[in-house]
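Asks: Take this structure, written in structure tokens, and hold onto it; I'll ask about it next.
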Amino acid sequence: MRNEWSSVAQLALIPLGRTFDAVRLPGAIVHAAAQSNEPCTIDACLAKYVCGPVIHDPGGRRYYALVPPGTALEWTAQGTKCLSQGTYLGVPRADHTELNERTWASYWSVPMPRPGHLCNPLDVLSLVTVGHGFADKDET
């Protein structure tokens, strides 16, 4: 991983399904839940409501909430997908915790507070539900 983190991409490809799964969240849902497009506001919202590590891929306009392995087996939230075995996730170095507007590289929107600490899938589901609610409200 150290070699991958020192590459140009500064991401290590980690296989999902053993240590954690990842819920892929479209930026629109997260921004609607946070009621903001400002990275600092979104990061604070995610830290408060999902209470676990979240990676932001600004180029892909996606967020990845890291959840316990096996979450994908029962994940059904509309507009999102829980990734698991057979998938690799680009994980940034631990010190990449802010948006770099020059490179638009993935970073930790919410850093992992300690090894093994993951998001509670129910908290992630609540965030998705709120995001859908605000997005639906904006469309009417």
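The values are calculated or read from the model by the stated rules, or taken from the named source; none is laboratory data. Remember, predicted model here, so these are calculated numbers, not experimental data. Cβ placement follows ideal geometry from the backbone for every residue including glycine, while neighbour counts extend to all protein chains displayed. What goes into the accessible areas is simple: the full protein's heavy atoms, side chains included, and nothing from ligands, DNA or RNA. Shrake-Rupley method; radii C 1.70, N 1.55, O 1.52, S 1.80 Å.
Asks: Can you work out which of the residues in region 7-35 that are open to solvent by 30 Å² or more (accessible area, probe 1.4 Å), in a loop (DSSP other than H, G, I, E, B) and not hydrophobic (A, V, I, L, M, F, W, C) is nearest to Val128 (Cα to Cα)?
Replies: Checking each candidate, the answer is Gln35.
Asks: Only one residue in Thr76, Thr97 is polar (S, T, N, Q), without any contact (Cβ under 8 Å) to a residue 40 or more places away in the chain and within 17 Å of Gln10 (Cα to Cα), so which one is that? Walk me through it before giving the result.
Replies: Numbers: Thr76 fails: within 17 Å of Gln10 (Cα to Cα).
Just a single option satisfies the conditions, and that option is Thr97.
Asks: Any idea which residue in region 62-76 is surrounded by the fewest Cβ atoms within 10 Å (Cβ to Cβ), counting only those that are among the aliphatic types (A, V, I, L, M) and over 17 Å from Pro92 (Cα atoms)? Can you show your working first?
Replies: Residues of region 62-76 that are among the aliphatic types (A, V, I, L, M), as a first pass: 65-67, 72-73.
In the following step, the residues that additionally are over 17 Å from Pro92 (Cα atoms) were identified as 72-73.
Working: Ala72: 19, Leu73: 9.
Step by step, filter region 62-76, then rank; the result is Leu73.
Asks: Against the conditions (1) in a loop (DSSP other than H, G, I, E, B); (2) farther than 18 Å from Arg114 by Cβ; (3) open to solvent by 70 Å² or more (accessible area, probe 1.4 Å); (4) not charged (D, E, K, R), where does Gly59 fall short? Just the number, please.
Replies: Gly59 satisfies all of (1) in a loop (DSSP other than H, G, I, E, B); (2) farther than 18 Å from Arg114 by Cβ; (3) open to solvent by 70 Å² or more (accessible area, probe 1.4 Å); (4) not charged (D, E, K, R) except (3).
Asks: Another question, then. Mind checking which pairs have a first residue in region 116-133 that is touching a residue at least 60 places away in the same chain (Cβ under 8 Å) and a second that is part of a loop (DSSP other than H, G, I, E, B) and β-branched (Val, Ile, Thr), Cβ under 7 Å, 6 or more apart or different chains?
Replies: Within 7 Å, the pairs are Cys119/Val50; Asp123/Val50; Val124/Val50; Leu127/Val50; Val128/Thr80.
Asks: Taking region 62-82 as the search range and keeping residues that are outside any loop (DSSP other than H, G, I, E, B) and not aliphatic (A, V, I, L, M), which one is farthest from the chain's Cα centre (by Cα)?
Replies: Per the criteria, the residue is Thr71.
Asks: Sticking with this structure for a sec: Can you pull out the residues in region 78-113 that are modelled with pLDDT under 95, under 15 Å from Ile55 (Cα atoms) and of a type in the set (Lys, Arg)?
Replies: Hit for region 78-113 is Arg93, nothing else.
Asks: Turning to a different aspect of this structure: Take region 107-124 and flag every residue that is in a loop (DSSP other than H, G, I, E, B), among the aliphatic types (A, V, I, L, M) and crowded, with 19+ Cβ neighbours inside 10 Å.
Replies: Result: Leu118, single match.
Asks: Can you name the condition, by its number, that Gln85 falls short on among (1) part of a loop (DSSP other than H, G, I, E, B); (2) over 13 Å from the mean Cα position of the chain (by Cα); (3) surrounded by 18 or more Cβ atoms within 10 Å (Cβ to Cβ)?
Replies: (3)
Asks: Next question, about the same structure. Checking the structure you have, find out if any residue of region 125-140 is in a loop (DSSP other than H, G, I, E, B) and surrounded by fewer than 19 Cβ atoms within 10 Å (Cβ to Cβ).
Replies: yes
Asks: Please verify whether Trp104 is part of a strand (DSSP E or B) and touching a Pro at 6+ places or on another chain (Cβ under 7 Å), treating the condition exactly as stated.
Replies: For Trp104, the condition - part of a strand (DSSP E or B) and touching a Pro at 6+ places or on another chain (Cβ under 7 Å) - is not met.
Asks: Can we say Glu38 is in contact (Cβ under 8 Å) with a residue 40 or more places away in the chain, open to solvent by 60 Å² or more (accessible area, probe 1.4 Å) and of a type in the set (Asp, Glu)?
Replies: no
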